[in-house]
1. Filter segment 10-61 down to the residues that are loosely packed, with under 13 Cβ neighbours inside 10 Å, modelled with pLDDT of 80 or more, polar (S, T, N, Q) and assigned to a strand (DSSP E or B) and list them by number.
2. What are the pairs with Cβ atoms under 7 angstrom where one residue, in segment 58-75, is within 19 Å of ASN44 (Cβ to Cβ) and the other, located anywhere, is acidic (Asp, Glu) and surrounded by 14 or more Cβ atoms within 10 Å (Cβ to Cβ)? Sequence gap at least six, or different chains.
3. Contact list please: Cβ distance under 7 Å, first residue in segment 158-183 and among the aromatic types (Phe, Trp, Tyr), second residue part of a strand (DSSP E or B), pairs at least six apart or on different chains.
4. Condition first: in contact with an Asp or Glu (Cβ under 6 Å, 6 or more places away or on another chain) and of a type outside the set (Phe, Trp, Tyr). Can you find one or more residues in segment 79-92 that meet it?
5. Residue under question is LEU87, and the condition is that it be assigned to a loop (DSSP other than H, G, I, E, B), touching a residue at least 40 places away in the same chain (Cβ under 8 Å), within 24 Å of GLY127 (Cα to Cα) and in the same structural domain as TRP183 (by TED's automatic domain parsing); does it hold?
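The values are calculated or read from the model by the stated rules, or taken from the named source; none is laboratory data. Please read all numbers here as calculations on a predicted model, not as lab measurements. Cβ placement follows ideal geometry from the backbone for every residue including glycine, while neighbour counts extend to all protein chains displayed.
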Amino acid sequence: MEKDVAIKEVTMDENLIEKHNTSVGIWKAQLKTEISLLRELRHNHIITIHSSYYHSPNDTIWMVLELMEGCLTDLLDCYGDPSFAPLTEPSMAKICKDVLKALEYIHSNHVVHRDIKSDNILINSSGDIKLADFGTSSIFQEGEDKRIPPIINGAIYWLAPEILTMDFFGFKGDVWALGIVGWEMVYGIPPYFEEEEDPNYRWPLLAKVAQGPPILEGDFSEELHHFLGSCLTRD
């Protein structure tokens, strides 16, 4: 039976490498990691890969993936539109629950995603939720701390405090990031967001995080307060 698919195409050109402050070798390794993990990890809330192809003359990789029409960021970008109603708490709860199911599964397989953010939570026309983008993921045993490499993608708002300090990462970092996603679904942006990107902003961001978790203000349920508080607790 024929079905629509999505094609992810990545060409290792100099502009892309410079934009992500990385090297061709690291970029290829991340894509290899993503393809390998997507082939191994099969779950209702993880994007499915059908096949992949590499064209050596121009260093291009294609991944054939199941079709997901959008991502959570697409919804959050509509929050400033007066004709758009922000997500309801039941909708937020469903998204978080589905992502938690995916995290429970990958963590049980010793995989840390390391890049949980609204861009990587995909949504299709049926409202299904899928976790994507495993390029920076790592595999290790519970209790094993690893030094992390330099931040290369600028997505610092979702990073746990121990990652902001370039100390270590672990399974709890994914949970912290999901808490930030939950906050995004309430306000449309992550806490302490700055319009102007600054590669050194992680230090003032860390100082703000060190003062305590962001406080949810407004008429929200006890369950939502508890969920965000549990995710965004330093220990």
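1. SER51
2. Every condition considered, the pairs that remain are CYS71/ASP119.
3. From segment 158-183, the pairs are PHE168/LYS146; PHE169/VAL112; PHE169/LYS146; PHE171/VAL112.
4. Here is the first cut: in segment 79-92, the ones in contact with an Asp or Glu (Cβ under 6 Å, 6 or more places away or on another chain) are none.
The answer is no; no qualifying residue exists.
5. Working: assigned to a loop (DSSP other than H, G, I, E, B): yes; touching a residue at least 40 places away in the same chain (Cβ under 8 Å): yes; within 24 Å of GLY127 (Cα to Cα): yes; in the same structural domain as TRP183 (by TED's automatic domain parsing): yes.
Yes: the conditions hold for LEU87.
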